[in-house]
1. Do we find a residue being among the β-branched types (Val, Ile, Thr), open to solvent by 30 Å² or more (accessible area, probe 1.4 Å), within 16 Å of the ligand (Cβ to nearest atom) and touching a residue at least 24 places away in the same chain (Cβ under 8 Å) anywhere in the stretch 217-236?
2. Considering the stretch 1-36 alone, what residues qualify as being of a type in the set (Gly, Ala, Ser) and within 19 Å of Gly232 (Cβ to Cβ)?
3. More than 24 Å from the chain's Cα centre (by Cα) and closer than 20 Å to Glu215 by Cβ, is that true of Ile166?
4. Can you pull out the residues in the stretch 246-265 that are part of a helix (DSSP H, G or I) and within 11 Å of the ligand (Cβ to nearest atom)?
5. Looking for whichever is assigned to a strand (DSSP E or B) and away from the ligand (no atom under 14 Å from the Cβ) here; the options are Ala268, Ala243. Which one fits?
6. Residues of the stretch 67-120 being away from the ligand (no atom under 16 Å from the Cβ) and aliphatic (A, V, I, L, M), which ones?
7. Given the conditions (1) open to solvent by less than 30 Å² (accessible area, probe 1.4 Å); (2) without any contact (Cβ under 8 Å) to a residue 40 or more places away in the chain, and given that Val242 satisfies all but one, which numbered condition is not satisfied?
8. Take the residues in the stretch 174-199 that are open to solvent by less than 10 Å² (accessible area, probe 1.4 Å) and assigned to a loop (DSSP other than H, G, I, E, B), then tell me which one is nearest to the ligand (Cβ to nearest atom).
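The values are calculated or read from the model by the stated rules, or taken from the named source; none is laboratory data. Since we're looking at a predicted model, the values are computed, not measured. Cβ placement follows ideal geometry from the backbone for every residue including glycine, while neighbour counts extend to all protein chains displayed. Calculation scope for accessible area: heavy atoms of the full protein, side chains included, ligands and nucleic acids excluded. Shrake-Rupley method; radii C 1.70, N 1.55, O 1.52, S 1.80 Å.
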Amino acid sequence: MLAEKLAELRTAGLYRSRRVIDSAQGIYLQIDGKQVLNFCSNDYLGLANHGDVVAAFKQAADKYGVGSGSAHLVCGHSYEHHALEAELAEFTGRERALLFSTGYMANLGVIAGLMAKGDVIYEDKLNHASLLDGGLLSGAKFKRYLHNDMANLQLKMANDNAAAMIVTDGVFSMDGDVANLAALSEIAIKKQALLLVDDAHGLGVLGETGAGLVEECGLNQQQVPLLVGTFGKAFGTSGAFVAGSELLIETLIQKARTYIYTTALPPAIAAATRMSLTIIQQETERRNHLKALIERFKTGAKQLNINLMSSDSAIQPILIGDVDKTVQISEKLLQQGFWVSAIRPPTVPQGSARLRVTLSAAHQNHHVDSLLEALVTASAL
Ligand SMILES: *Cc1c(COP(=O)(O)O)cnc(C)c1O
């Protein structure tokens, strides 16, 4: 049975496998004894192997050891965790922040911790899997609205009176476009629904101080009561948080099962993340350089008739459609020394397989230019 199912996946071109990396995360990666230029990581600011972040990690490991020892509510909540939470609350302009061990866990815990049978959850069709899974896990009525379609959302909400939550990605992870947060916030307030924004790909990258899409849109805690951020992307480390009111955070400490029943992040990860946060806040030039690279890539692609999706973010997907063709182009690029991942269903809807190009502040102009050239060559085949 299992073998047949795997064979089916292979036939459909949907079999997934891993490549082993033999170097630090960065714009150059070593795979199969060969160096390739990396255009598929979420390390948007180049912090995953930043000297100061690594040093903070080592120093904290010397002081606190490797493991946190237990869950936060037993004896695993260290000074580094506590300090990071306070700094994140201030950074995002929220009363409190609460750490989770991964973004996936944060989304499951927050949604299922606050919503239950009898309630109703509205989610954008293109939301990240963890947001969808959290909604399903909660037992609440689960409704998906068309991507970024406010009229469709309002239609779905029209006859509901139950306690409600609206859930959305900030920057959509596979498309790179952004949610209409101002409109979502207005709808949520009017309908007395909680609004959860998962800004995994906006945090550190967007906004004047790097506080993400909510900062760029100027939305405060009343307007976006639940803000989820992750450390595995622009922060270059690992873990996640939710920020919001004192009342919501205290409720989650009591109720979020993925918070309560799991081991706390290693304190050294929290220390490294604090250093990333400092760099994010201080080094605006990283964000500015990344913005310039995005513009360069978009302009260059236009000149070369490469069809990009409508994204202004560091995620610049090229829609191919056909699964086999997408994989072929990705493999061709790899032969030329460029790593661009092929994203296939079910990660994206049927018929919308794509190359997901991601840019990083660690890239230079000539990297972008050479990728554009390689894309033309590889797509011609
Ligand atoms: C990556 C991602 C997550 C999951 O975060 P992890 O810390 O990797 O588990 C959640 N939501 C979105 C939108 C993401 O892109």
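1. Narrowing the stretch 217-236 to residues among the β-branched types (Val, Ile, Thr): 224, 228, 230.
Add one more test, that the residue is open to solvent by 30 Å² or more (accessible area, probe 1.4 Å), and what stays is none.
The answer is no, given that none of the residues of the stretch 217-236 is among the β-branched types (Val, Ile, Thr), open to solvent by 30 Å² or more (accessible area, probe 1.4 Å), within 16 Å of the ligand (Cβ to nearest atom) and touching a residue at least 24 places away in the same chain (Cβ under 8 Å).
2. First, pick out the residues of the stretch 1-36 that are of a type in the set (Gly, Ala, Ser): 3, 7, 12-13, 17, 23-24, 26, 33.
Within the stretch 1-36, Ser23, Ala24, Gly26 qualify.
3. Numbers: more than 24 Å from the chain's Cα centre (by Cα): no; closer than 20 Å to Glu215 by Cβ: yes.
For Ile166, the condition - more than 24 Å from the chain's Cα centre (by Cα) and closer than 20 Å to Glu215 by Cβ - is not met.
4. Going through the stretch 246-265, the residues part of a helix (DSSP H, G or I) turn out to be 246-255, 257-260.
Selection gives Thr258 alone.
5. Details: Ala268 fails: assigned to a strand (DSSP E or B).
Every option except Ala243 fails the conditions.
6. Ala71, Leu73, Val74, Ala83, Ala86, Ala89, Leu114, Met115, Ala116, Val120
7. The one condition Val242 does not meet is (2).
8. Looking at residues that are open to solvent by less than 10 Å² (accessible area, probe 1.4 Å) and assigned to a loop (DSSP other than H, G, I, E, B), I get Asp199.
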